[in-house]
1. What are the residues in the range 2-21 that are free of Cβ contacts under 8 Å to residues at least 40 places away in the same chain and not basic (Lys, Arg), if any?
2. Output the number of the condition that Asp30 fails; it satisfies all remaining conditions of (1) at pLDDT 95 or above; (2) over 22 Å from Glu111 (Cβ atoms).
3. If a residue has to be in contact with a strand residue (DSSP E or B) (Cβ under 6 Å, 6 or more places away or on another chain) and either assigned to a strand (DSSP E or B) or surrounded by 13 or more Cβ atoms within 10 Å (Cβ to Cβ) (or both) to count, how many in the range 52-72 make the cut?
4. Give the range 19-51 a look and list any residue that's outside any helix (DSSP H, G or I) and under 16 Å from the mean Cα position of the chain (by Cα), or say none.
5. List, please: which pairs have Cβ atoms under 7 Å, are six or more places apart or on different chains, and start with a residue in the range 95-114 that is closer than 13 Å to Ala79 by Cα and end with one that is in a helix (DSSP H, G or I) and aromatic (Phe, Trp, Tyr)?
6. Which of the residues spanning the range 22-60 are hydrophobic (A, V, I, L, M, F, W, C) and without any contact (Cβ under 8 Å) to a residue 40 or more places away in the chain?
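The values are calculated or read from the model by the stated rules, or taken from the named source; none is laboratory data. All figures in this text were calculated on a predicted structure; none of them were measured in a lab. Virtual Cβ from ideal backbone geometry, glycine too; neighbours counted across all protein chains shown.
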Amino acid sequence: MSQLTLNLAQGSIKFNFPFEAAQALKVEIDNLMQKLKIVASKINNGEQKKAEESLDYQYIGEVFIEIFCNPNIYPTPFAAKVLLTIRDDKIRFSTETELTRIVDDLRQYFEQLN
């Protein structure tokens with residue numbers, strides 16, 4: 001099993017994360033990016049925006065991972081932040097981080113496997 005390293009504003013966290021779970025997370029984040037782009041275009045065009053569904057990704061394996069983001073509160077995909085929670089039976093870690101960091105870290109994860 002490969003390890004995913006998430007780089008945060010102050011430090012990083014590394015944990016075992018299976019390839020299939022990383023693929024599922026990438027799909028969810030790609031969908032979130034599309035929703036953020038829709039919200040941004042409606043703001044720029046002065047259109048009334050319809051509320052887009054939030055991202056609430058969960059993975060249960062060696063650790064529990066949850067990533068949450070409400071796309072309706074950010075003006076652009078580059079401003080978006082996610083609430084990240086990683087826990088197991090001994091520790092719980094929660095922080096807010098930039099969505100773009102998660103995207104970059106996933107890209108690096110896939111590159112290291114190729």
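1. To start, the set of residues in the range 2-21 that are free of Cβ contacts under 8 Å to residues at least 40 places away in the same chain comprises 3, 10-12, 14, 20.
Hits for the range 2-21 are Gln3, Gln10, Gly11, Ser12, Glu20.
2. For Asp30, the failing item is (2).
3. We begin by selecting, within the range 52-72, every residue in contact with a strand residue (DSSP E or B) (Cβ under 6 Å, 6 or more places away or on another chain); these are 55-59, 62-69.
Retained after the next criterion (residues that are either assigned to a strand (DSSP E or B) or surrounded by 13 or more Cβ atoms within 10 Å (Cβ to Cβ) (or both)): 55-59, 63-69.
Here the count works out to 12.
4. Let us first name the residues in the range 19-51 that are outside any helix (DSSP H, G or I), namely 45-51.
Of everything in the range 19-51, nothing turns out to be outside any helix (DSSP H, G or I) and under 16 Å from the mean Cα position of the chain (by Cα).
5. Thr100/Phe78
6. Matches in the range 22-60: Ala24, Val27, Ile38, Val39, Ala40, Ile43, Ala51, Leu55, Ile60.
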